[in-house]
Amino acid sequence: MSSLKYLNKLALMTILLAAFAGVTTGVLRAQAPPSYSPDELNQLVSRIALYPDPLLAQILAAATYPDQIPDAAKWADDHHYLRGDDLARAITQDQLPWDASVQALLPFPSVLDLMASDMNWTSELGNAFLAQHDDVMDAVQRMRKEARDYGYLRSNPQVVVSAGPYITIAPVNPYLICVPVYDPLIVFAAPRPGFFVGGAISFGYGISLGFAFRPWGWGATHFGWGTHEVFIGGAPWGRTWANRRAYVHPYANFHRAAPAPARVERHDLIPRDEAERNAARQGHARPEERHGGDHRR
């Protein structure tokens, strides 16, 4: 082999090896877990840190499936008029394709709307929970402590706020989950003179969840703050950045829908009107339903 041919072959091999190394490095970088500073985590959790523990746990789990949130938000909006057992039955009958953690939020259209309206935040929240599970829980505790120390976060007729060492927020009625409304710019800062701290967080908007919602983890979902554990449906949530493509959470009595070529809608589709949306945003009880006729489409 001539020297020229040898050099050309060597150059080609060098180029191929460099290209392969570049692709491999790119793949490794794509798979590397994200990393958030404490301040960044504080910002990520600030919107939901004061939610009751069971609802907060469900949101963190659902955020790890961000691609499913927009469709779930639309389903929840279109079926918002269904309540209690009727809603649980509709979720099952429609054989919804989303993870149980996402389905668990279907009774809360305002929560799914919050998540769907800012998908960048939802995706980052989910990634942080996958990659820095313990740190996310620590961030929640930091934010709760600030809100409590400034006088905003305290027990009321809807929730019981523990004194510590870990601050828990538990619903007074375990079957009624209230969605708080608050401004993070207010409740995590010192109140200005004369400001009424008692009105900064509203817990006036609640959803009744009975035994029918047990398959989605309600009634057996809580945090083990001291051990950095999250229990969804009574089982430790074990989805991480490393196993996120394979992990299947062991929900009790939850029947996962088999993939179907075309899901048949069995219920009227009635999106929330502006009055209903505003009531949820302001922490008020749902207005009386006044829809009529067949809205199925």
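The values are calculated or read from the model by the stated rules, or taken from the named source; none is laboratory data. Because the structure is a prediction, the values reported are computed rather than measured. Reconstructed Cβ throughout: ideal geometry from the backbone, glycine too, with neighbour counts over all protein chains shown. Just the protein is used for accessible areas: all its heavy atoms, side chains included, with ligands, DNA and RNA removed. Shrake-Rupley method; radii C 1.70, N 1.55, O 1.52, S 1.80 Å.
Structure summary
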{"quantity": "Amide proton proximity set for GLU229, modelled H, under 5 Å, gap of 5+", "calculated": "GLY224"}
{"quantity": "Karplus 3J(HN,Hα) series, Hz, for region 55-67 with 6.51 cos²θ - 1.76 cosθ + 1.60 (x for Gly, Pro)", "calculated": "5, 4, 4, 5, 5, 4, 5, 5, 5, 7, 10, x, 5"}
{"quantity": "For region 44-197, size of Cβ-based charge dipole, Lys and Arg +1, Asp and Glu -1, in debye", "calculated": "680"}
{"quantity": "Region 61-197, relative contact order [Cα under 8 Å, separation at least 6], %", "calculated": "22"}
{"quantity": "Alpha-carbon centroids, region 34-74 and region 82-99: separation in whole Å", "calculated": "22"}
{"quantity": "Accessible-area value, ARG89, 1.4 Å probe, nucleic acids and ligands omitted, Å²", "calculated": "120"}
{"quantity": "Neighbourhood net charge (14 Å Cβ-Cβ; Lys/Arg +1, Asp/Glu -1) for THR168", "calculated": "+2"}
{"quantity": "Note, ³J(HN,Hα) from phi for region 173-188, Karplus 6.51, -1.76, 1.60, rounded to Hz, x at Gly and Pro", "calculated": "9, x, 9, 10, 9, 8, 9, x, 10, 7, 9, x, 5, 9, 6, 10"}
{"quantity": "Alpha carbon centroid spacing (whole Å) that separates region 105-128 from region 151-221", "calculated": "18"}
{"quantity": "Built amide H within the under 5 Å cut-off of TYR205, gap 5+", "calculated": "VAL179"}
{"quantity": "Rounded to whole Hz, the Karplus (6.51, -1.76, 1.60) HN-Hα couplings of region 154-166, x for glycine and proline", "calculated": "7, 5, 8, x, 9, 9, 10, 9, 6, 7, x, x, 9"}
